[in-house]
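Below you'll find the structure, written out as C-alpha cells, and then a few comments.
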Amino acid sequence: MQTLSMTGKKLIIFDLDGTLIDSAPDLAAAVNGMYAKLNLPPMPIDIIKSWVGNGSLKLVERAMQAHHIYDTTMIHHAHELFLAEYAHKTIENTQSYAGVIQGLERLKAAGFYLAICTNKPERYLPKILSHFGWLTLFDQVIGGDTLSVKKPDPTPLLYLCQSLGIAPTDAIMVGDSKNDILSGQAAGITTLAVRYGYNYGEKIDLANPDAAFDDFDTLMNHILQ
C-alpha cells in the first residue's frame, strides 16, 4: 500500500451501504418481498448483495432480469413494490460495521467535515441516520436521487465540496464500490476503499483506489496518523 499524506484534508465523504452500514439483510428482504408480490421465487442474500450499488431502480432491474424479465413497464412496477417493501424493512436488521461509530466520532473530534454520498434513495436516509444517532454528525448528506445524476458520476462529490466550501483536493472519498472510487477519481478527490463491502463480487483493489483497508479501524488510523 502506498503511503499517503492526509495533511490538509478537511472533508471526508462516505458511501453508506457496504461502507458504514451492512444493509444487505434488509435490502434482500425487500427484494424477496417484492418477488413474493409478483409470484416469483426468492433469491439468496449473497446473490442480491452483488446487485447493490447503482441505486434502487438498478437493483430491481437486476433482480427482475435474474428471472428473465426485461420489460420496462414491469420493472418500474416492481420498483414501486420494492420501495414500499424497503420502507417497512429499512432498519430491521441493518447494522453499522465494526469500528464505524467510534471512528466517525474520532473524525468529528479531530475537526473533519463529514458527509455521506450514497446511491440509496434520499427518502430513506433520515430514518437510517436517526436510527444510528447520526443526524447531527454529518454536515451534508445526499442520496442517489438528490441530484439528476449519481455515482460514478463525479457531480455529487463536487456538489458536496462546493456546498461546504472545500476544494476537491482537500477531500477524501471513502467507499466499498468501484462507483465510489470512479466518482472520486473523476472529481480529483483522494479515494480510500474498504474491502468488506458490496463490490459486485469483485475485489475493490481492481478499481485502483489510492489505498484500501480490510477494516474500518485501520482506515481510521491511516486518516488520523
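The values are calculated or read from the model by the stated rules, or taken from the named source; none is laboratory data. Please read all numbers here as calculations on a predicted model, not as lab measurements. We place every Cβ from the backbone using ideal geometry, glycine too, and count neighbours over all the protein chains shown. Keep in mind that these areas ignore ligands, DNA and RNA; they rest on the heavy atoms of the full protein, side chains included. Shrake-Rupley method; radii C 1.70, N 1.55, O 1.52, S 1.80 Å.
For Ser163, Ser96, give me the order by solvent-accessible area with a 1.4 Å probe, most accessible first, ignoring ligands, DNA and RNA.
Sorted by accessible area, descending: Ser163, Ser96.
Give me the three principal axis extents of the chain from the C-alpha atoms, as integers in angstrom, largest value leading.
55, 33, 31
What length, rounded to one decimal in nm, is gained on full extension from Leu38 through to Ser148, with 0.36 nm per residue of separation minus their alpha-carbon distance?
Once the chain is fully extended between Leu38 and Ser148, it gains 36.6 nm.
How large a share of the accessible area of the chain, in percent, is made up of carbon and sulfur atoms when the probe is 1.4 Å and the other protein chains stay in place?
Ligands and nucleic acids excluded, carbon and sulfur reach 51 percent.
For helix 24-37, what angle does its Cα long axis make with the longest principal axis of the chain, in degrees from 0 to 90 and rounded to 10?
Result, in degrees: 20.
Note down the accessible area of Lys10, probe 1.4 Å, to the nearest 10 Å².
Rounded to the nearest 10, the figure is 110 Å².
Modelling each spin label as a point 7 Å along the Cα-to-Cβ direction, I'd like the Arg123/His68 distance in nm, to one decimal.
A separation of 3.2 nm, rounded to one decimal place.
At a Cα cut-off below 19 Å, give the lysines reachable from Lys9, other chains included and same-chain residues fewer than 8 away excluded.
Counting by Cα, and skipping residues close in sequence, Lys9 has these lysines nearby: Lys108.
Mind ranking 20-30, 186-196, 208-218 by how tightly packed they are, going by the mean number of other C-beta atoms within 10 angstrom, highest first?
Output ranking for 20-30, 186-196, 208-218: 20-30, 186-196, 208-218.
As a test of reading the structure, rank Leu107, Leu147 by solvent-accessible area (1.4 Å probe, protein chains only), most first.
Highest to lowest solvent-accessible surface, that is Leu147, Leu107.
Which residues' amide hydrogens lie under 5 Å from the amide hydrogen of Phe14, considering only partners 5 or more residues apart or on another chain, with H built in the peptide plane?
Correct list: Ala115, Ile116, Cys117, Val174.
Provide the per residue accessible area, probe 1.4 Å, for the chain, rounded to a whole number of square angstrom.
For the chain, the per-residue accessible area is 44 Å².
What is the mean projected area of the alpha carbon convex hull for segment 24-89, to one decimal in square nanometres?
About 3.7 nm², averaged over all directions.
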